[in-house]
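Novice: The structure is given below, and queries will be raised subsequently.
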Amino acid sequence: MSPLIMMSNILGFMLIIVAASKPCYGLYLCRRHLYIRNDLENHLPLKINCWSNDNDFGLMILNFTQEASWSFKDNNIWGTKFECDMEFQLEGQMKRGQVVVYNNKKKIRTRECRKRCKWSVREYGLYAFDEKDKKWDFKIPW
C-alpha cells in the first residue's frame, strides 16, 4: 500500500472519530457529567429516581443544595438517554414529574451541554445551565 493511500485511510478514520464524537466536542472517548441539584427555595427535600437503559441509580433524597451526579460516555450508535422521576411536597400538595434530563439523539435543551450537564430543580420547574452564557435558563415546568 502506498504511503499516500495509507495516509488518506488514516485521515478518513480520524474524520469518522471526530464526526462520531461531535456531541462531546472532542475525543471519541470523552465523558460527560450530569448534575441534578435541589434548589427548592423553601429548603424542601427532593426525591429523585434516575435511570437509563444501562443504569438505575435508585431512589435518592436530596436536601437543599445537595446534588446527584454521575458521569458516562455517550453511545452514539444506540443513543444515551437519562430520565428521572422527581417529587416534593409544597404547601401540602405533591409536585411530581418525569423528566428526560439527557438525550444525545433528541434536543431537549436550547443549547447542547458539552462536558457538564447541570440541572437546578426549583419550585416552578427545572432550569438548565448554559455553559456558553454561564446562566440558568428555565426549561421544564412542573
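What follows draws every value from the coordinates through simple rules; no lab data is involved. Computed from a prediction, not measured in an experiment: that's the story for all the values here. A quick note on method: Cβ atoms are made from the backbone with ideal geometry, for glycine too, and the neighbour counts reach across all protein chains shown.
Novice: What ranking do Leu46, Leu90, Leu40 get, fewest neighbouring Cβ atoms within 10 angstrom at the top?
Specialist: Fewest-to-most ranking of Leu46, Leu90, Leu40: Leu90, Leu40, Leu46.
Novice: If you don't mind, another one. Determine the alpha carbon to alpha carbon distance for each of Lys107/Lys134; Lys106/Lys132; Lys73/Lys115; Lys47/Lys135; Lys73/Lys139 and list only those over 22 Å.
Specialist: Those over the limit are Lys47/Lys135; Lys73/Lys139.
Novice: Once you put a point 7 Å from the Cα of Asn76 and another 7 Å from the Cα of Lys132, both along the Cβ direction, what distance in nm separates them?
Specialist: Going by the 7 Å Cα→Cβ label model, 2.0 nm.
Novice: Now, a different point. So which aspartates and glutamates pass the test for Lys95, namely a Cα distance under 20 Å, with those fewer than 8 places away in the same chain ruled out?
Specialist: Correct list for Lys95: Asp39, Glu41, Glu67, Glu83, Asp85, Glu87, Glu123.
Novice: Would you mind giving the average projected area, over all directions, of the Cα convex hull of the range 31-141 in nm² with one decimal?
Specialist: Average projection, Cα convex hull of the range 31-141: 6.6 nm².
Novice: Going through the range 24-109, which GluC sites (Glu not before Pro) have at most 14 other Cβ atoms within 10 Å and a DSSP loop state?
Specialist: Those that pass, being in a loop and sparsely packed, are Glu41, Glu91.
Novice: Given the Cα-Cα distance of Met60 and Trp142 and 0.36 nm per residue of separation, how much length would full extension add, in nm?
Specialist: Value of the extension gain: 27.6 nm.
Novice: Also: Treat the count of other C-beta atoms within 10 Å as a stand-in for reagent exposure and order Ile77, Ile36, Ile48, Ile108 from fewest to most.
Specialist: Ascending Cβ contact count within 10 Å gives the list Ile77, Ile108, Ile48, Ile36.
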